[in-house]
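The values are calculated or read from the model by the stated rules, or taken from the named source; none is laboratory data. Just so we're clear, the structure is a prediction, and the values are computed from it rather than from any experiment. Neighbour counts run over all protein chains shown; Cβ positions are idealised from the backbone, glycine included. Please note that ligands, DNA and RNA were not included when accessible areas were found on the heavy atoms of the full protein model with its side chains. Shrake-Rupley method; radii C 1.70, N 1.55, O 1.52, S 1.80 Å.
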Amino acid sequence: MIIVSSPMQQNEITELLTGYNGGDFTFRFKEKGGIRLFFEVTGDSREAARKARELIKSTPWGAILYFQSIAAE
């Protein structure tokens, strides 16, 4: 599981990660708690958190967004 914390663009983050089809990870939205978005992931959660960060930063809005992506054990 990974947690993405962001006060803004939560719907866009959810759509981006759940729509990712890169083959190395899949992200399934689990729940929202305040500014935290919880995602079930396949594979290593630390690598998935890094990939989520990379995907978000690659978007026009993600380049200027303050957010955090961490692995939750």
Hits in the stretch 31-48 (condition: under 21 Å from TYR66 (Cβ atoms) and surrounded by 16 or more Cβ atoms within 10 Å (Cβ to Cβ)): LEU37, PHE39, ALA48
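I'm trying to understand the selection: among the residues of the stretch 1-42, which are small (Gly, Ala, Ser) and farther than 14 Å from ALA72 by Cβ? Reasoning before the result, please.
To start, the set of residues in the stretch 1-42 that are small (Gly, Ala, Ser) comprises 5-6, 19, 22-23, 33-34.
Selection gives SER6, GLY19, GLY22, GLY23, GLY34.
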Per-region count, the stretch 53-73, residues over 14 Å from GLN9 (Cα atoms) and modelled with pLDDT under 95: 2
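Can you tell me which residue among PHE29, PHE67, PHE25 is in contact with a Gly (Cβ under 8 Å, 6 or more places away or on another chain) and on the phi < 0 side of the Ramachandran plot? Spell out how you get there, then give the answer.
On the way: PHE29 fails: in contact with a Gly (Cβ under 8 Å, 6 or more places away or on another chain); PHE67 fails: in contact with a Gly (Cβ under 8 Å, 6 or more places away or on another chain).
None of the other options fit; the residue is PHE25.
Considering the stretch 31-48 alone, what residues qualify as being part of a strand (DSSP E or B) and of a type in the set (Val, Ile, Thr)? Spell out the reasoning first.
At the first step, the residues of the stretch 31-48 found to be part of a strand (DSSP E or B) are 31-33, 36-41.
Answer for the stretch 31-48, where residues must be part of a strand (DSSP E or B) and of a type in the set (Val, Ile, Thr): just VAL41.
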Flag for LEU16 being crowded, with 16+ Cβ neighbours inside 10 Å, part of a helix (DSSP H, G or I) and either in contact with a Cys (Cβ under 8 Å, 6 or more places away or on another chain) or aliphatic (A, V, I, L, M) (or both): yes
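So that you can scan it fast, the table gives a plain yes or no per residue for (1) surrounded by fewer than 12 Cβ atoms within 10 Å (Cβ to Cβ); (2) acidic (Asp, Glu); (3) in a helix (DSSP H, G or I):
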position	(1), (2), (3)
ASN11	yes, no, yes
PHE29	no, no, no
ARG50	no, no, yes
ARG53	no, no, yes
Conditions (1) open to solvent by 60 Å² or more (accessible area, probe 1.4 Å); (2) touching a Phe, Trp or Tyr at 6+ places or on another chain (Cβ under 6 Å); (3) not aliphatic (A, V, I, L, M); number of the one not met by LYS57: (2)
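Are any residues in the stretch 1-32 of a type in the set (S, T, N, Q) and touching a helix residue (DSSP H, G or I) at 6+ places or on another chain (Cβ under 7 Å), and if so, which ones?
Of the residues in the stretch 1-32, the ones of a type in the set (S, T, N, Q) are 5-6, 9-11, 14, 18, 21, 26.
Listed by number, the list holds a single entry, SER6.
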